[in-house]
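*Asks:* Before anything else, here's the structure in question.
The values are calculated or read from the model by the stated rules, or taken from the named source; none is laboratory data. These figures come from a predicted structure and were not determined experimentally. Every residue, glycine among them, receives a Cβ derived from its backbone with ideal geometry; neighbour counts consider all protein chains shown. Note: accessible area is taken over every heavy atom of the protein model, side chains too, but ligands, DNA and RNA are not part of it. Shrake-Rupley method; radii C 1.70, N 1.55, O 1.52, S 1.80 Å.
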2 protein chains.
Amino acid sequence: MNLDIYKNLHRANRELINLNPIQRGGILPTEAKKAIYEFWDGYSVCDFCSGKLDEIQNPPICKFKEDLAEFINMDFVRFTHGAREGKFIVMHSICEENDYIVLDKNAHYTSYVAAERAKLNVVEVGYEEEYPTYKINLEGYKEVLDNLEDENKNVGLVLLTHVDGNFGNLNDAKKVGKIAKKKGVPFLLNCAYTVGRMPVDGKEVKADFIVASGHKSMAASGPIGILGFSEEFEDKIAKRSEKFPIKEIEFLGCTSRGLPLITLMASFPYVVERVKRWDEELKKTRYLVEELEKLGFKQLGIKPKEHDLVKFETPILDEISKKDKRKGYFFYEELKKRGIVGIKPGVTKEVKMSVYGLEWEQVKYVVESIKEIILQSHHTL
Amino acid sequence: MNLDIYKNLHRANRELINLNPIQRGGILPTEAKKAIYEFWDGYSVCDFCSGKLDEIQNPPICKFKEDLAEFINMDFVRFTHGAREGKFIVMHSICEENDYIVLDKNAHYTSYVAAERAKLNVVEVGYEEEYPTYKINLEGYKEVLDNLEDENKNVGLVLLTHVDGNFGNLNDAKKVGKIAKKKGVPFLLNCAYTVGRMPVDGKEVKADFIVASGHKSMAASGPIGILGFSEEFEDKIAKRSEKFPIKEIEFLGCTSRGLPLITLMASFPYVVERVKRWDEELKKTRYLVEELEKLGFKQLGIKPKEHDLVKFETPILDEISKKDKRKGYFFYEELKKRGIVGIKPGVTKEVKMSVYGLEWEQVKYVVESIKEIILQSHHTL
């Protein structure tokens, strides 16, 4: 066993501009880094625990739970290990085995895997338009639910991905919320890419459940997430153990006992503030799209962008890669030379990126860098 | 919403000697703190992921999984959010609803709650002796299994708590492993208090599954744990999603995507070394017991101690508390004055503590401090 490989673990990309959409919302502010220094030891969150982690007063976890509920406008909040774990908790506690759940075709893979783990059937709601927008047919939820009703299937849950991780399309959650409400089916909104980046109001969209991700969009170290739920489902989600009445079964007593929760809490004031500047973030994203489309990129997904995650078709990169001796890796390598990472190495037909949270100066630097790489390559070839 | 309470989150106890047994095994070595600085941002572990977290090469997560398997001598290892989550994964993937699981009466509450969540029935194996040792009747597993067989109950799992969190009793796991093997029932050993503190050999004790806790006993920030399992159960534990064949269902694709995993990895060389010094740790514990029993404490649990977690009956503290104006809090407060924390405030009849990982100098300081507090109180009263 060569233990030396675990010494001096180093993150080469640490100081670079990272365009990977799963990274941009999880960058820690200074305040959270300071808190890490205080609480990095194993069970250090639990110094003053009297039996239930989310009721600890010092650090103020108990109050934080309430403030988070207010932040997303839901009745209650619990901590989870992430959005996927929140989805499983909802499915496992409110559905019966073999129930059907209805979800959008852009749903994250973890929505399917959570359903598989909970032994549920999945029916997809498809697109209103496929290429190039891949816009979900939100009215289609009604039809799918009607059909399942006609077939006497028991539908346990309606799930909508607020913003998907592939095209970055923002869905009008209220539309689906209303349909679900009318049908009397509980409604879960997956906000892994929204809560912590942009304003989300659970009651406004008629969500019974909201899951969010700390490491993806709430400036926290992973793994941490939150599950918001309405009072109506409190008895199921927060059901207590028979033998240990203080402990909630679906959370195995306490979920996140450690550091990620501390970072979520320490970042909260910062997150509350940044959400208010969402319009400015959209401006940056739209500027990026406008500039890159001039270079021959084509934005997929709904236009204009209503979220920072952008997917581009990039025939120009594909063309260059056929003539560059580095093949598809030229783009990754040229970006890296300029201190930019997060674009999948070797991929040339489509790229995903986000400039969320970058300063305007940096957004412009990214645009100029890509421009330079493409023009230079064209010139050389 | 008063966001100021989340600013400058501070851990008052950070620099003090902490005797709480759940804290002592989770204190980070410098190497892990350095790694935190590199990887604290949200999804930073995943810079070089090609679809499956535990196959990432940089940082060397993939190799780490193999080294951990060798360390506990099991065929495979997966990362979990902690021991409890590992137990649920085993129960949920190998048992059928309403199956019976047989566990020891000293089992951690999370063993019961995991079973409740997996909708299983629990039957306890009781004590060979109650007060004062609370020693589990390991041969009793045979009888309990025989009875369930006679009643035509389906037993899905045998669970043993290697060292329990109440008395710190070490159980001879091999005895139970043999019984389970003979009966053809899978055997799970809960090593939350052992793996990372003392040597554990999964095959030697005939365990089919081993769960361990990073934050409790492997010098890692929470929440992180490991699940070791034998080849025989690979198809169930590591079952892949139908729609997303790279993703393992029970782990919802990836479990621990973040910082705690990095600390577990960075602490590994340190943990491998410290486990070799387990005899020295036992010496410290036995010295503590010997000295405190001279003061009127009485060690509960098996004698001599074979683990660092010690529970004492403390009639002497109870006696003093009746006369001290601070009531039961005098002990907590007097210790704190001397820079020692981790003893439950207000409790006087029984106290739990551990000196695991303290320097001999510190162990002696703890003993001398307690001696001083008791003699002083006696003198004053």
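*Asks:* Can you tell which of B:C49, B:C62 is open to solvent by 20 Å² or more (accessible area, probe 1.4 Å), within 30 Å of A:A219 (Cβ to Cβ) and touching an Asp or Glu at 6+ places or on another chain (Cβ under 7 Å)?
*Replies:* On the way: B:C49 fails: touching an Asp or Glu at 6+ places or on another chain (Cβ under 7 Å).
On inspection, the qualifying residue turns out to be B:C62.
*Asks:* Could you tell me whether any residue of the range B:292-299 is part of a helix (DSSP H, G or I) and over 17 Å from B:S377 (Cβ atoms)?
*Replies:* Within the range B:292-299, one or more residues are part of a helix (DSSP H, G or I) and over 17 Å from B:S377 (Cβ atoms).
*Asks:* Hey, another quick one. Can you pull out every residue in the range A:177-204 that is under 20 Å from A:I89 (Cβ atoms) and among the aliphatic types (A, V, I, L, M)?
*Replies:* A:A180, A:V185, A:L188, A:L189, A:A192, A:V195, A:V200
*Asks:* I'd like the full set of residues that are farther than 15 Å from B:T80 by Cβ, within 7 Å of chain A (Cβ to nearest Cβ) and out of contact with any helix residue (DSSP H, G or I) (no Cβ under 6 Å at 6 or more places or on another chain), limited to the range B:243-258.
*Replies:* none
*Asks:* Would you check if there is a residue in the range A:172-191 being more than 14 Å from chain B (Cβ to nearest Cβ) and either touching a Gly at 6+ places or on another chain (Cβ under 7 Å) or under 28 Å from A:F39 (Cα atoms) (or both)?
*Replies:* yes
*Asks:* Here is a follow-up. Looking at the structure I just gave you, is B:K119 within 27 Å of B:G301 (Cβ to Cβ), out of contact with any Phe, Trp or Tyr (no Cβ under 6 Å at 6 or more places or on another chain) and in the same structural domain as B:M198 (by the TED database)?
*Replies:* Judged against the criteria, B:K119 is not a match.
Yes/no matrix, rows are residues, columns are (1) among the aliphatic types (A, V, I, L, M); (2) at pLDDT below 95; (3) in the same structural domain as B:V176 (by the TED database):
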site	(1), (2), (3)
B:R11	no, yes, no
B:A35	yes, no, yes
B:F48	no, yes, yes
B:K52	no, yes, yes
B:A69	yes, no, yes
B:V77	yes, no, yes
B:G86	no, no, yes
B:S93	no, no, yes
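*Asks:* Can you say whether B:E248 is in contact with a strand residue (DSSP E or B) (Cβ under 8 Å, 6 or more places away or on another chain) and either free of Cβ contacts under 8 Å to residues at least 24 places away in the same chain or assigned by the TED database to the domain that holds B:N58 (or both), as far as the supplied structure shows? Steps first, please.
*Replies:* Details: in contact with a strand residue (DSSP E or B) (Cβ under 8 Å, 6 or more places away or on another chain): yes; either free of Cβ contacts under 8 Å to residues at least 24 places away in the same chain or assigned by the TED database to the domain that holds B:N58 (or both): yes.
Yes; evaluated as a whole, the condition is true for this residue.
*Asks:* Then there is this: Quick check, is B:E85 within 12 Å of chain A (Cβ to nearest Cβ), over 23 Å from B:L148 (Cβ atoms) and either in contact with a helix residue (DSSP H, G or I) (Cβ under 7 Å, 6 or more places away or on another chain) or open to solvent by 10 Å² or more (accessible area, probe 1.4 Å) (or both)?
*Replies:* yes
*Asks:* Which residue is most open to solvent (accessible area, probe 1.4 Å), if the candidates are limited to the range A:1-44 and must be more than 7 Å from chain B (Cβ to nearest Cβ), touching a residue at least 60 places away in the same chain (Cβ under 8 Å) and aliphatic (A, V, I, L, M)?
*Replies:* Residue satisfying both the conditions and the ranking: A:L16.
*Asks:* At pLDDT 95 or above, in a helix (DSSP H, G or I) and over 20 Å from B:M198 (Cβ atoms) - does that describe any residue in the range B:250-257?
*Replies:* Within the range B:250-257, one or more residues are at pLDDT 95 or above, in a helix (DSSP H, G or I) and over 20 Å from B:M198 (Cβ atoms).
*Asks:* Pick out, from the range B:139-245, the helices (runs of 4 or more DSSP H) lying fully within it that include 2 or more residues that are surrounded by 24 or more Cβ atoms within 10 Å (Cβ to Cβ) and either at pLDDT 95 or above or of a type in the set (A, V, I, L, M, F, W, C) (or both).
*Replies:* On the way: elements: B:140-150, B:173-183, B:214-217, B:234-237.
So the answer is B:173-183, B:214-217.
*Asks:* Counting only residues that are in contact with a strand residue (DSSP E or B) (Cβ under 7 Å, 6 or more places away or on another chain) and at the interface with chain A (Cβ under 10 Å from one of its Cβ atoms), how many does the range B:259-283 have?
*Replies:* Matching residues across the range B:259-283 total 1.
*Asks:* Please indicate, with yes or no, whether at least one residue in the range B:192-211 is basic (K, R) and free of Cβ contacts under 8 Å to residues at least 60 places away in the same chain. Don't jump to the end; show me each part of the working.
*Replies:* Narrowing the range B:192-211 to residues basic (K, R): B:197, B:203, B:206.
From what's left, free of Cβ contacts under 8 Å to residues at least 60 places away in the same chain: B:206.
Yes - at least one qualifying residue is present in the range B:192-211.
*Asks:* Would you tally the residues in the range A:321-349 being open to solvent by 80 Å² or more (accessible area, probe 1.4 Å), more than 21 Å from A:R11 (Cβ to Cβ) and touching a strand residue (DSSP E or B) at 6+ places or on another chain (Cβ under 9 Å)?
*Replies:* 1
*Asks:* A follow-up question, please. Name the one entry in A:I316, A:I302 that is of a type in the set (A, V, I, L, M) and either at the interface with another protein chain (Cβ under 9 Å from one of its Cβ atoms) or touching a residue at least 60 places away in the same chain (Cβ under 8 Å) (or both). Step through it out loud before you land on a result.
*Replies:* Details: A:I316 fails: either at the interface with another protein chain (Cβ under 9 Å from one of its Cβ atoms) or touching a residue at least 60 places away in the same chain (Cβ under 8 Å) (or both).
Among A:I316, A:I302, only A:I302 is of a type in the set (A, V, I, L, M) and either at the interface with another protein chain (Cβ under 9 Å from one of its Cβ atoms) or touching a residue at least 60 places away in the same chain (Cβ under 8 Å) (or both).
*Asks:* Filtering the range A:107-138 down to residues that are part of a loop (DSSP other than H, G, I, E, B) and more than 14 Å from chain B (Cβ to nearest Cβ), which residue is farthest from A:K305 (Cα to Cα)? Quick ask: steps written out before the conclusion?
*Replies:* Taking the range A:107-138 first, the residues part of a loop (DSSP other than H, G, I, E, B) are A:107-108, A:118-120, A:126, A:130-134, A:137-138.
Next, from what is left, pick out any that are more than 14 Å from chain B (Cβ to nearest Cβ): A:126, A:130-134, A:137-138.
Details: A:G126: 20, A:E130: 17, A:Y131: 16, A:P132: 13, A:T133: 11, A:Y134: 13, A:N137: 18, A:L138: 18 Å.
Result: A:G126.
*Asks:* Oh, and also: Considering only residues of the range B:207-235 that are closer than 18 Å to B:P269 by Cβ and of a type in the set (S, T, N, Q), which is farthest from the other protein chains (Cβ to nearest Cβ)?
*Replies:* Of everything passing the filter in the range B:207-235, B:S217 is farthest from the other protein chains (Cβ to nearest Cβ).
*Asks:* A further question follows. All but one of (1) acidic (D, E); (2) over 18 Å from A:T194 (Cβ atoms); (3) free of Cβ contacts under 8 Å to residues at least 40 places away in the same chain hold for A:E280, so report the exception by its number.
*Replies:* Exception for A:E280: condition (2).
*Asks:* Within the range B:344-381, track down each residue that is aromatic (F, W, Y) and either in a helix (DSSP H, G or I) or touching a Cys at 6+ places or on another chain (Cβ under 9 Å) (or both).
*Replies:* B:W360, B:Y365
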